[in-house]
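Colleague: Below: one structure in C-alpha cells.
Since every read-out is calculated from the coordinates, none of them should be taken as a lab result. Computed from a predicted model, the values in this text were never measured in an experiment. Reconstructed Cβ throughout: ideal geometry from the backbone, glycine too, with neighbour counts over all protein chains shown.
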Amino acid sequence: MAGILVFTQYEEPPTKFYSNDFTYSDIDVMRDALASRDLRLSAITEIADHTVGQYCTYFDADGRQRPVSYCITTALVDSEDTVGNINMGGNKGGKAAMAVALVESSSIDSTRAEYVFEVMIDALVCECWQDVRPGGFASVQEWMAEAQEQFSGSTQSVPLKSRISGLDQKDLVLEISQTDGLYLWVLVVAK
C-alpha cells in the first residue's frame, strides 16, 4: 500500500506581502547564486509538447493536479556530475506558475539540496525566511533537518512530504524519497 508521510503543514498568516511574482528569467538569478557554490545549471531546454506533464505537473494546496502547457528544464551539475535539475512551468509568454528542484544524493545528507533550495526560495518566494520563520523553523536548513530526522526515523518506505502554505502567497512542498540506494530531495514552489 502506497502512502505519504506528512509531518507538518503550515499556513502563514497574511501579515506581510513581498510580491515576488516569479518568472522564467529567475532561472538566471538562481544560476548566478548557485555558481558561487560551484554548482552550475546546464543550458535551458524548452518543453511545450506532449511530454510537458512528465516534467512540470504539480499538485496545488487542495491536492488537485495542475498541468502546465510550457516548461523549461535545466540540469544541476556538481563538478562534472549531474545531480538533479530545476524545472519551471506555466504558460509560454506568461509567468511561471510553479518551479521544481530535484537533487539526488547517495546519502541522506542534505547539504547540497539545502543550498539549492535556499537559493530557489530566495529567488522565487522572498528573502524573508528568517523574519517570518514559517512553521517555527528559523531557516530552510532547520526545516530540512527536521524532514531528514522524520524520514530517517520512519519505518515506512513512502516519501515524506512537508508543506508550508502562504509564505508570500506561495506553497512550498518538500519531499524526500529513496529509490535504488539514492535519496531524492524535491522542492516544489507553486503560486
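Colleague: Counting only residues that are of a type outside the set (Phe, Trp, Tyr), in contact (Cβ under 8 Å) with a residue 24 or more places away in the chain and under 18 Å from ARG40 (Cβ atoms), how many does region 102-121 have?
Modeller: 10
Colleague: So, one more: I need a count of the residues in region 146-171 that are surrounded by fewer than 19 Cβ atoms within 10 Å (Cβ to Cβ), touching a residue at least 12 places away in the same chain (Cβ under 8 Å) and assigned to a helix (DSSP H, G or I).
Modeller: 3
Colleague: On to the next question. Can you say whether LEU174 is out of contact with any Ser or Thr (no Cβ under 8 Å at 6 or more places or on another chain) and buried (at least 20 other Cβ atoms within 10 Å of the Cβ), as far as the supplied structure shows?
Modeller: Answer is no for this residue.
Colleague: Now, a different point. Would you please name the residue that is nearest to ILE176 (Cα to Cα), looking only at residues in region 120-145 that are of a type in the set (Gly, Ala, Ser) and part of a loop (DSSP other than H, G, I, E, B)?
Modeller: In this case the residue turns out to be SER139.
Colleague: Right, here's the next one. Condition (residue is surrounded by fewer than 22 Cβ atoms within 10 Å (Cβ to Cβ), closer than 26 Å to ALA35 by Cβ and among the β-branched types (Val, Ile, Thr)) applied to region 110-127: is it met by at least one residue?
Modeller: yes
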